[in-house]
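Here the structure is laid out as structure tokens; the discussion comes afterwards.
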Amino acid sequence: MNRKNIRQFAAEELGLKTGPYEFVKTKEEMGAAAGRMGFPCVIKPVMSSSGHGQSVMKSAADLDQSWELAKEARGDASELIVEAFVDFDYEITMLTVRNGKETAFCEPIGHQQKDGDYIYSWQPAQMTALAKERSQAMAKTITDGLGGRGLFGVELFIKGDEVYFSEVSPRPHDTGMVTLITQSQSEFALHLRAVLGLPLGFTFYGDGASAAFKSQKDSYAPSVDVDDSVFTENSFVRVFGKPESHVGRRMAVALVFDEVEKALEKAKTLITKIKDA
Ligand SMILES: Nc1ncnc2c1ncn2[C@@H]1O[C@H](COP(=O)(O)OP(=O)(O)OP(=O)(O)O)[C@@H](O)[C@H]1O
Ligand SMILES: [Mg+2]
């Protein structure tokens, strides 16, 4: 979860391409860094995830607001990263698996983010051959650099054929839940196989999409009502069984196996048939 260690390792030790960034500790330093970076720029606590404490500064006038938001966020908000806004065409997750003997890649996953969390993901993301090749090369470099066994979620921004490293998680990735329906071995199965040193072969069955269901209430021991129509021959729902729900917290995911555009449209419809009970 430490953005500073990840970013410095990726950009400064491994030489991976990223947007410009600076680390700051005070509001004055933040303002100065934002000024150098230009607007818009993105402010994030060094220790945080799921968009907590994150904001986009559109101008110097946003300084106080962005500073307060970042300081209130959970985690160690004593240090912040100021990132230039990368004007990417689209973003992907490159799921990359290491078992100590070989490295395997899943088909690239496209996704859409809202309020700090992914809401839709699809696989495969449409990419040029060059952008895909560069994405795999970058994912290999960062995961070899980190070492160890398991599945990693390598988050990349793509502009044309240019690939920018964003961040990496050393575990299955939320956007990768789509693999529950698109692959013979899901990201979870691959993670386990990699940790156990087992072979990483799997079959990509074909296109699919996922859509996250977000709760609209705060509750203990929450449950959800899932309409029967959600269970078609090529779709299903996974309910996470979280012990508490909060407004905006993701509680379940709808999964659809179909051509990407159709799958995405269906997945978006299916989550409207899931309700807080
Ligand atoms: N420098 C940037 N330029 C443009 N967009 C950005 C930038 N940094 C973050 N974003 C957008 O915000 C999203 C979340 O950023 P990031 O992955 O760094 O945060 P996070 O808190 O780790 O989120 P998560 O835990 O969901 O991965 C990115 O997927 C991207 O859509
Ligand atoms: Mg992220």
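The values are calculated or read from the model by the stated rules, or taken from the named source; none is laboratory data. Please read all numbers here as calculations on a predicted model, not as lab measurements. For neighbour counting, all protein chains shown are included, and Cβ atoms are generated from backbone atoms with ideal geometry for every residue, glycine included. Ligands, DNA and RNA are excluded from the accessible area calculation, which covers all protein heavy atoms including side chains. Shrake-Rupley method; radii C 1.70, N 1.55, O 1.52, S 1.80 Å.
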Check: C-alpha center the range 14-30 vs C-alpha center the range 182-197, spacing in Å is 34
In debye to the nearest 20, the charge dipole size for the chain, taken about the Cα centre with +1 at each Lys and Arg Cβ and -1 at each Asp and Glu Cβ, equals 540
Length gained, Glu79-Lys140, 0.36 nm per residue minus C-alpha separation, equals 19.1 nm
Among Lys217/Lys262; Lys114/Lys273; Lys44/Lys114; Lys217/Lys273; Lys71/Lys159; Lys114/Lys268, the pairs whose Cα-Cα distance exceeds 22 Å are Lys217/Lys262; Lys71/Lys159
Distance in Å, no decimals, from the C-alpha centre of the range 219-277 to the one of the range 144-175 is 26
So, with points 7 Å from each Cα along the Cβ direction, the Glu261-His246 label distance in nm works out to 3.8
Any lysines whose Cα falls less than 16 Å from that of Lys140, other than same-chain ones fewer than 8 residues away, would be Lys17, Lys101, Lys132
Connecting every pair of Cα atoms under 10 Å apart in the chain and solving the GNM, the largest mean-square fluctuation among Val247, Val163, Val86 falls on Val247
A chain fully extended from Ser219 to Asn5 at 0.36 nm per residue, minus the present Cα-Cα distance, gains in nm 73.4 nm
Computed D for the chain, Stokes-Einstein, Kirkwood radius over alpha-carbon pairs, 20 °C, 1.002 mPa s, to the nearest µm² per second, is 109
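Which FRET efficiency value, to the nearest 0.05, is calculated for Glu162 and Glu12 with the Förster distance at 22 angstrom and r the Cβ-Cβ distance? Please list the in-between numbers first.
Numbers: r = 19 Å, r/R0 = 0.88.
Plugging the Cβ-Cβ distance into 1/(1 + (r/R0)^6) gives 0.70.
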Using a 1.4 Å probe on heavy atoms of the protein chains only, the accessible area for Tyr120 in Å², nearest 10, reads 50
PRE zone check, label point 7 Å out along Cα-to-Cβ of Gln65, amide N under 12 Å, scope the range 40-56, hits 55-56
Against the 2.2 N^0.38 Å rule of thumb, the C-alpha Rg of the range 20-84 sits at a ratio of 0.94
